[in-house]
Structures are given as structure tokens and as C-alpha cells.
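Have a look at the structure below before the remarks.
The values are calculated or read from the model by the stated rules, or taken from the named source; none is laboratory data. All values derive from a computational prediction rather than experimental measurement. Note that we place each Cβ from the backbone using ideal geometry, even for glycine, and neighbour counts take in every protein chain shown. Note: accessible area is taken over every heavy atom of the protein model, side chains too, but ligands, DNA and RNA are not part of it. Shrake-Rupley method; radii C 1.70, N 1.55, O 1.52, S 1.80 Å.
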Amino acid sequence: MRDLIREFVKKHGLLDEARLEEAFRLEEETGQSFEKIILHKGYMSENDLLRTLAFALELPYQPGLGEEIVPDDFLNNVPVGFARNYALVAVGRNNGAMKIATAFPLDTHPMDDLATMLQCEVEPVLAPRTEITSLINRGYKNKSGIVDETMEGLREDDILKEAEAIDASEDLLATANKAPVIRLVNMILFNALKMRASDVHFQPFLDRLQVRYRIDGVLYDMEAPPKKVQDAILSRIKVMGEMDIAERRMPQDGRASVKIGDADVDIRISSVPTSHGERIVLRLLDKSARLYEMEEIGLEDENLEMLKRYIQYQHGIILVTGPTGSGKSTTLYASLQKVNSDKLNVITLEDPIEYQLDGISQIQINEKKGLTFAVGLRHLLRQDPDIMMVGEIRDVETARIAIQAALTGHLVYSTLHTNDAASTVTRLVDIGLEPYLVASSIICVIAQRLVRRICPDCVSLSEPDEQELFDLKSIGVSMDQFPDGKIWRGAGCPNCFNTGYVDRTGIYEILPVDEDLKEQVMEGMSSSVIKKSAIDRGCRTLRMDGASKVVAGVTTASEVLRVTQLDAF
């Protein structure tokens, strides 16, 4: 086979001899398949590689699968997780054998497993991973047989009767003897947690109930149960959250707790009425998730040292700002871990408590019983605290008490929802706080966003296309900043579900409240003037910090553009 690969590569001028020999050598040394090494190194495009392998292995190559239909035998016998992980999907039959599209023909073990599942011979057909993934999504999206089977003959009265008997904190893995709808909901939640989803959306349409997962900040369409089971699924979720299942015309909020083995997961549930039925969104909070250190959250050296200096202050307010889901709580927890010691009294007010911290008193906000951030903060001042963390400044009353705490010798951490660091100080003035109080109490403002990291398993250096060149120019990066004029990009692999990204990291804009900024706040300067002045004094904006991570190969320009705005001032 190696001789055939050499012949094809040389004939078409696809790869030089040295790189080809290096790929063969790495295959022997590491045990990794030839095609994965070639793609990982970026030596050949996927199309050229598949054409080469098709020639060497005498296998058919289908560059497009848009017209193919996945056979029912495959859908019924192969779990969607297996198909996605190994990028394998059936595209028809040939004399009793199942034709299987694959992008990795030299990785034979998954094909053997597939033959066992299907109880028939399998014949590989080469196809691009993106085409395979798209066909998998189409095939399983339209598959309702399993759902129909589990729901057959089941009345909603039976569903609710069994659902109400379930313990509020159940193990998702213990599905034996559960009602079908409970097994279905548990399966959806289990898959969401396995895929690192932060939110699960149940969105009703005219003909189906679409389930969507938010993974690393991006929404993906997943299962789509038929319309007839919509009420049963949504009722089960509302029962879990101790919500009123009879009320379908008003928004509701609920909470639940589930287990996966020994891990506890808190779920915040929100429902709103829509024209096609109730829409429910679940926020998943994994209590077993580890806490991050300050050195792990994406702070570059200069910003890291600056933040370490500010969290050692004896009094003042440190504000972390950004939209929901931008990692503000993670930054605050990392800071608290750094300063937590036996000599300090640290108390937090949170809604909800996302992580458990040893040695720190954590208080859960309960607005139904009157324990708001403002009320809790007022009582915290009587607890002789050194450091207080207030989950969010939601109103002027909470802001005033936080400022009072800062001016009377306490260090206060909190969050606010603004677009950047400069607009945070002007926002506090706009909501009714006196400029002299804002200037004298706030010591530092941190704006942040989360960008997806390039998958380490499939990252490679590649020539940028026109769109990527435009994106790089938009964030102020030139091609001479990259080695050999190539950019870092994730090709897509089973580890990242063929997205090219795994996990996220933070980009930061840290604005110290120095004497110049204090004067500007007192004079009522606009946020754009404050921002320009801060940049002149050395402040790095969110987009600037993101650009440095693009050059370092941590993320891509499109990710930075997705989460940041143009630096206009």
C-alpha cells in the first residue's frame, strides 16, 4: 500500500518525499493511523488524502453524500454517539453487505465493531468528514422509531403519575423500570452532560420538538422527538422542577438536582409559552466540575500579575463584567481561591451557588423569601467580613451598599452586565450613584468573554482562505505574525465532534481605576473618552487580547469576532 501511496502522491505532486517518509515513520512509532497524521500535520488537504487512499486501497470515493439516505438497519442498531465519534454512517447496501462511509479507512477497529452491531459484512466507502457528519445528523434527526416505541400506548395521565413518584434527585444512569418518558428525558440530559453542554433547549415547532445543546457557547440541533410526545416530555421536566404542570400560559422557573453516578448536577429550568407550545431551557451546573486556578483561565502574564495585585487590596470593589455565560463567576472563584486563608473571613452571596469552596461561607439568595442581594449584603456587614463576593449588582440599592462596604474597609467582588470595562463606571453613574462614590470605591474593572479553543487533537497549520484573511485583518493581525505564513486551525475530529474546537478560554480587558480615570469619572466623561484614554495609558481591549491568542494558536479570528465588538472610540 505504501508504494501505491508514493506513486499517486508523486504523480499528482501532492506531497514531497521527506514529509511522506516522516508520516510513515510516525505511523510506526506512535501507532496512530497514517491519515490522521497527515491531517494533523496539515501536509495534505482532506480531499487529496482521501483520493490518494482510494487509489491505494482500491476503494470508491464519494466527495458528496447530499443525496444519500441512511438505512433503517443502521439507525436502529448503531447508537448516534458511536456514529459521531468514529465518523461512520451507512450509505446503502451491496449484495447483502452494508456500505459504510468513512474518513479514516486505515482505522479498522470501529469498522469491526460496526460489523458486529449490524450482524453483516461492511464495505468501506471514502467520504469527507463534514459530509459524513451532515448525513449522520440528517439520519438521526428524522429517526423517531425509538421515541414512538417507548411512547406507544402510554397516556399522559400514566406519565405524570409515574413521574411524580420519582425522587427529586435521581441517578440518570439508573433507567431500569422507569417510565418511557423518564428514560427519554434522562437520556437527553445524560447525553448533554457527556457532550459538555451548558444548556439544553426544548424548542417546539409545528411538526416536532427540537432538542438543542449549547456546547462551548454554540447551539447545536440534536434529537427531534415527534410532536405527539411534546406535552409528555415538557410535563416530565416541569415535574422535575416542581413547577405547575397545569399552567401553560405563563412563564415559570424551577430547579432540580440529578446525579450521574457520584456526580451531582443542579438544573435551573425556565419555561415560556410560545405559539407552538411551551419552550423550556435547562441550565446545567455540574457541582463536581473542578475549580480553575487564576493561571488557567486565560490571563496573559501582564494581566495576571495586575489582577493578583488588586485582589490583595484591603478595601475597594473589583467588578467583573460581561454577558451571561462569559465566565465571570469562574474568574471570581479563581480569585477567591487565591486569597482564601485561615486569617480572612470570606463570605459570598450567590444565585445560585455554582461551586463549593472550602473555608468560605456561601449564602444562597432566595428572593421568594425576601433574601435578595441588597438584604443579604446589608446583613453581611454585621458578620465582620474581610472579603465579600456579591454574585451580581442588579439594582442601585445593592450598588450603594456595596460601595458603603468598600468605603468602610471591606474588599468586595461583584459582577455587572456591560459591554466593556469603560462603560461599567459610567453605567453606575447613569443608574443614580454619585460620581465621587464610584471614583473612590471601585479599584479595578475586568471585562471578559469566552472564546473556543482550537482542538489540540486536530490542530494544524494551514493556508488561510479569503474569509480567514478578512477576519484576521478585522482584528488587526497580519500574516507576517504567523510562522511560514500559515494560521492555526482545527481540522475536526471525534474528540471535538468535528467542530475543530474543544473547551473555552477567557479573553480579558482589565481597567485599573487610577487617578486619571477618577478625574474623568468626576468630570462626567463618556465611556468612549475613558476607553481611549485607558488605551493610551497601556490598557489592552478585549479584541486586542483575543488577537494575541489567535497569533499564539489558542483560538481563531472568527471566534474573537464572534464575541467582541469593534474598538470604536
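Assorted remarks:
- Residue count for the stretch 269-301 under the criterion of being in contact (Cβ under 8 Å) with a residue 40 or more places away in the chain and within 18 Å of the chain's Cα centre (by Cα): the result is 12.
- Condition broken by L304, with the remaining ones in (1) free of Cβ contacts under 8 Å to residues at least 24 places away in the same chain; (2) open to solvent by 20 Å² or more (accessible area, probe 1.4 Å) satisfied: (2)
- Being modelled with pLDDT of 90 or more, open to solvent by less than 30 Å² (accessible area, probe 1.4 Å) and in contact with a Gly (Cβ under 7 Å, 6 or more places away or on another chain) is not true of G217.
- Close contacts from the stretch 371-392, counting a first residue that is over 15 Å from N345 (Cα atoms) and a second that is of a type in the set (F, W, Y), with Cβ to Cβ under 8 Å and a gap of 6+ residues or different chains, come to G391/F373; E392/F373.
- For E354, the criteria (1) assigned to a loop (DSSP other than H, G, I, E, B); (2) among the charged types (D, E, K, R); (3) out of contact with any Leu (no Cβ under 9 Å at 6 or more places or on another chain) hold in every case but one, which is (3).
- Remark: pairs (first residue in the stretch 482-497, among the basic types (K, R); second residue at pLDDT below 80 and open to solvent by less than 40 Å² (accessible area, probe 1.4 Å); Cβ separation under 8 Å; 6+ apart in sequence or on different chains) = K486/G42.
- Residue in the stretch 282-293 that is open to solvent by 60 Å² or more (accessible area, probe 1.4 Å) and more than 24 Å from S198 (Cβ to Cβ) present: no
- Qualifying residue in the stretch 543-560 (condition: of a type outside the set (A, V, I, L, M), open to solvent by 60 Å² or more (accessible area, probe 1.4 Å) and assigned to a helix (DSSP H, G or I)): no
- I233 open to solvent by less than 10 Å² (accessible area, probe 1.4 Å), modelled with pLDDT of 90 or more and aliphatic (A, V, I, L, M): yes
- Selection status of D266, of a type in the set (D, E, K, R) and in a loop (DSSP other than H, G, I, E, B): no
- In the stretch 355-371, residue nearest to L284 (Cα to Cα) [restricted to those that are under 29 Å from the mean Cα position of the chain (by Cα) and open to solvent by less than 50 Å² (accessible area, probe 1.4 Å)]: Y355
- Subset of the stretch 172-200 that is under 23 Å from S558 (Cβ atoms) and at pLDDT 85 or above - its residue that is surrounded by the most Cβ atoms within 10 Å (Cβ to Cβ): A197
- Top-ranked residue of the stretch 307-324 - restricted to ones that are of a type outside the set (S, T, Y) and loosely packed, with under 15 Cβ neighbours inside 10 Å, ranked as modelled with the lowest pLDDT: P323
- Filtered by the rule that a residue be assigned to a loop (DSSP other than H, G, I, E, B) and aliphatic (A, V, I, L, M), the stretch 99-141 gives A103, L106, A127.
- Residue among K343, K368, K338 that alone is among the charged types (D, E, K, R), closer than 21 Å to E293 by Cβ and not in a loop (DSSP other than H, G, I, E, B): K338
- Looking only at the stretch 29-79, and only at residues there that are open to solvent by 20 Å² or more (accessible area, probe 1.4 Å) and small (G, A, S), the one that is nearest to A18 (Cα to Cα): G42
- Residues that are surrounded by 12 or more Cβ atoms within 10 Å (Cβ to Cβ) and part of a loop (DSSP other than H, G, I, E, B), drawn from the stretch 80-96: A87
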